[in-house]
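Engineer: Have a look at this one.
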Amino acid sequence: MKKFKRIISVLFAVLTLGMCFNLSAFADEFNPDSQPKGEIIIKNDSTKTNVSINGKTYLGYRLLDLHQDQSTDSSREGYAYTLNKLSKAYFTSGTFTGKYGTTAVNVEKPSTVYDFIKALTTAQGIEAFANNFYDFITTSDFNAAGFKVEATAANEEAKFENLYLGYYVMFGESSAHDGDTEIPADTVLTAVMLDTTTYDEEAGKYTLTIEPKIGAPTIDKNIVTVDKDGNEKLVKGDDANIGDVVNFRVESRVPNVIGYTAYDFWMSDTMSKGLTLVDMNSTKPYNAVDKLNEAFTVTFEKADGTKNVIDPANYDVVAFDGADGAKVYKLYFNDFYNLVGIDNENYPANTKIFFDYSARLNSDAKIAPTANPNEAVINYSNNPHDNQNGTRRPGTPEEPQTPPPGETVKPKVYVYTFEYDVNKFDSNTTTKKLANAEFQLYKGTYDDVTINPAKDDKGYNKVTVVGADEYDAVQFILQDDGVYRVATQEEIDANVVRDEATGKQLYNDGYPVYRDGSKMTNRVKSDADGKINMIGLDGGMYQATAGADGSIVWSDTREASQYTLVEVKAPDGYNLLEKPINVKIGAEYDVDGLLTELAAKADGEDYTLLDENAGIKTDVGNSTGTELPSTGGMGTTIIYIVGGFIILASIIAIMVRTVAKKKKEI
């Protein structure tokens, strides 16, 4: 839902009921009641201006009176203008003479006023005249009663009815479409072009309808993602591995600059501590930023779809430290007014403006359910009388300057990263936790492993993941016993020892080689409580929803949300798992980008979701093997028993034969 931002706007409608700006003559003063009445309608198209005028009060000032021939055979082409008390006060005021001089007009000779106004043939000249009158009417103590009219807008129209014919200047208010909730007002002074009206025969009256030349920049912010089909998708919430790049886009619109001679336009972005600005076009390692303005791509898109990428020389960026370790980047145009063109001749009002830039999720990233937010705002000129227009700059971190007074709402997007826990236990006694079980984690899905039955000198059975490269295992930084954080590319490059020829990590007897003192590993080990905590993992942002039968239905899940957990060493006395564990994690976000639900699946093992959607825990059991006979065991016992029986039988046989022999002798 959008929020309304209340903006005071001054609509300089230098308007004439009759033949506006087609002055033919000035006449002596006359009674305006002798003329018919007319109307002025200010009609706003909010889809073009991004503002609403409903409920706002507009003021009109009759600077000149109009006398037009009303005879029955007249075509109403004969007319004359006369000065009134308001015009005489204005043209003799210090406000007018201070800008145009004391000889520009002579109110005792009305024709000089006619000549002066007729000479205002350019938009800038007309705007300057309107602005000068505004300064007079808002700063002088002239009593405008009798020359001032009011109208309240409804249905995007403000109607001034039953008006004396004349030459009017209009003022009013509007609300910019930055949202649907009013926030404190800013003063915006803009101009309305001069226009002409004719007598409406059907309506039987003089009428003039004008469009207000007013507008304020809009703002919207999104994360730019790509779905499984390669199509661009804009979202408010997403997730990533620590070390991954997240792409952002701010969309705004070119405001109406009529009435201005210079204009300030800033786009500011606040990246939380867990995000680091990168330049995806940079050739420096890790896409490090060389020139800040080149890390931002600015594109103007016209209504016909024509896109123009703006040369970075037209804007600069200054970085400031924000609260809680955040970084604030302020992008400002060096000359926005001439870039869009006088009276928007290069880029009409409402032309789309896109700001594209990227950031890497770094080692300071918060783990779900806490998000890593990114916020944007646009500041802009809102007063054509402000002599600072076009000159405002952010300054330096040591001496920051005040931004332009106009300000949009501040939309946010959210980046999450999750944890994956393993609970290792004895399959026969679940309360018995197993320490020193070692695993490797792979991105993607792998269904089979091969296990070498012969253990190496370190007590490992060589485990090979079918279809995967041993270099593909996720690299972690050991943070505490059983706690591992996904490593960034900078950390990997700083700790991994690589083969100079291939650039791949060196292995020594099947084990990865790291620099001395490194806490990096691609094997995670369970602690004394049987726990492994892996943090900084992508969850896969696409939806997992409940089917009609209560089962989980997965849609558009990215490969990055699928993991394979492989046991590479079992605790002493236990057997290795013969199959890998495939894990799938899917996150759901609301329209504002906030995490609402997490769904998961772990093939072949029990799993639970962590509290507050922080991640997933998999329960992994190991079983002991059947013990084979050994020396001193049951095998020798059987031999002894059988041997004893044989000896006993022999003794009995001998005794029987001896007795029989003695009987025979007797």
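The values are calculated or read from the model by the stated rules, or taken from the named source; none is laboratory data. All values reported here derive from a predicted model rather than from experimental measurement. Ideal geometry is used to build each Cβ from the backbone, glycine not excepted, and the neighbour counts take in all protein chains shown. Protein only, heavy atoms only, side chains kept; ligands, DNA and RNA dropped before computing areas. Shrake-Rupley method; radii C 1.70, N 1.55, O 1.52, S 1.80 Å.
Engineer: So how far apart, in nm, are the two label points at residue 245 and residue 578 if each is 7 Å from Cα heading toward Cβ?
Structural biologist: According to this spin-label approximation, the distance is 4.5 nm.
Engineer: Round to the nearest 0.05 the FRET efficiency obtained for residue 334 and residue 234 when R0 = 30 Å and r is the Cβ-Cβ distance.
Structural biologist: Numbers: r = 29 Å, r/R0 = 0.96.
The pair residue 334/residue 234 has a calculated efficiency of 0.55.
Engineer: Sticking with this one: Amide H to amide H under 5 Å from residue 597: which residues, 5+ apart in sequence or cross-chain, H placed 1.01 Å off N in plane?
Structural biologist: 588
Engineer: So, one more: Largest first, what is the accessible-area ranking of 591, 466, 235 with a 1.4 Å probe?
Structural biologist: 591, 466, 235
Engineer: With a 1.4 Å probe and all protein chains kept in place, how much accessible area does residue 95 have, in Å² rounded to the nearest 10?
Structural biologist: Taking all protein chains as shown, residue 95 has close to 40 Å².
Engineer: Let me ask you something else. Please work out how much accessible surface residue 201 shows to a 1.4 Å probe, ignoring ligands, DNA and RNA, in Å² rounded to 10.
Structural biologist: In the full protein context, residue 201 sits at about 140 Å².
Engineer: Let me ask another. Go through region 426-438 residue by residue and turn each phi into a ³J(HN,Hα) via Karplus (6.51, -1.76, 1.60, θ = phi - 60°); whole Hz please, and just put x for glycine and proline.
Structural biologist: For region 426-438, the Karplus curve yields 7, 4, 7, 9, 4, 7, 8, 8, 10, 8, 6, 7, 10 Hz.
Engineer: Further question: With a point put 7 Å past each Cα toward its Cβ, work out how far residue 410 is from residue 209 in nm, to one decimal.
Structural biologist: 4.2 nm
Engineer: Using a 1.4 Å probe over the heavy atoms of the protein chains, calculate the carbon and sulfur portion of the accessible area of region 443-500 as a whole percent.
Structural biologist: 46 percent
Engineer: Quick one: of 352/410; 458/504; 88/148; 531/569; 433/617, which pairs are farther than 20 Å apart, Cα to Cα?
Structural biologist: In this structure, 458/504 lie more than 20 Å apart at Cα.
Engineer: Express in whole angstrom the spacing between the alpha-carbon centres of region 226-296 and region 101-148.
Structural biologist: Here the answer is 46 Å between Cα centres.
Engineer: Rounded to the nearest 0.05, what FRET efficiency is calculated for residue 122 and residue 224 with R0 set to 41 Å and r the Cβ-Cβ distance?
Structural biologist: Once rounded, the FRET efficiency stands at 0.45.
Engineer: To continue, here is another question. What is the gain in length, in nm to one decimal, between residue 513 and residue 393 on full extension, counting 0.36 nm per residue of separation less the C-alpha to C-alpha distance?
Structural biologist: Here the answer is 38.1 nm.
Engineer: Taking amide H positions as placed in the peptide plane 1.01 Å from N, state which residues far from residue 445 in sequence (5 or more) or on other chains have amide H under 5 Å from it.
Structural biologist: Close amide H contacts, sequence-distant or interchain: none at all.
Engineer: Sticking with this structure for a sec: Could you pull out every residue, at least 5 positions away or on a different chain, whose amide H is within less than 5 Å of the one on residue 619? Hs are placed 1.01 Å off N in the peptide plane, and Pro or chain starts have none.
Structural biologist: Residues meeting the criterion, in which the H sits 1.01 Å from N, are 423, 606, 607, 608.
Engineer: Continuing with the same structure: If you count only protein heavy atoms with a 1.4 Å probe, what accessible area per residue comes out for region 252-407, rounded to a whole Å²?
Structural biologist: On the way: 6570 Å² over 156 residues.
For region 252-407, the per-residue accessible area is 42 Å².
Engineer: No solvent, one uniform scatterer per C-alpha: report log10 I(q)/I(0) for region 345-442 via the Debye equation at q = 0.20, 0.23 1/Å, two decimals.
Structural biologist: Per q value, in the given order, log10 I(q)/I(0) is -1.21, -1.29.
Engineer: While we're looking at this one, here's another question. Could you give the length gained by full extension between residue 435 and residue 497, i.e. 0.36 nm per residue of separation minus their alpha carbon distance, to one decimal place?
Structural biologist: Stretched out fully, the residue 435 to residue 497 stretch lengthens by 19.5 nm.
Engineer: Another one. Quick one: Karplus J couplings for region 371-384, per residue in order, coefficients 6.51, -1.76, 1.60, θ = phi - 60°, nearest Hz, x for Gly and Pro?
Structural biologist: Listing the rounded values in order: 9, 10, x, 9, 10, 9, 7, 10, 10, 8, 5, 9, 8, x Hz.
Engineer: Right, here's the next one. Once every Cα of region 78-147 carries one equal point scatterer and solvent is ignored, give the base-10 log of I(q)/I(0) from the Debye formula at q = 0.16, 0.24, 0.25 Å⁻¹, two decimals.
Structural biologist: One equal scatterer on each Cα of region 78-147 leads to -0.57, -1.25, -1.33.
Engineer: On full extension of the chain, what length is gained from residue 596 through residue 102, given 0.36 nm per residue of separation minus the C-alpha to C-alpha distance? Before the final figure, lay out each step's value.
Structural biologist: Details: separation 494, 0.36 × 494 = 177.84 nm, distance 6.91 nm.
Here the segment from residue 596 to residue 102 would lengthen by 170.9 nm.
Engineer: Using a basic spin-label model with each label point 7 Å from the Cα along Cα→Cβ, how many nm lie between residue 447 and residue 479?
Structural biologist: 3.5 nm
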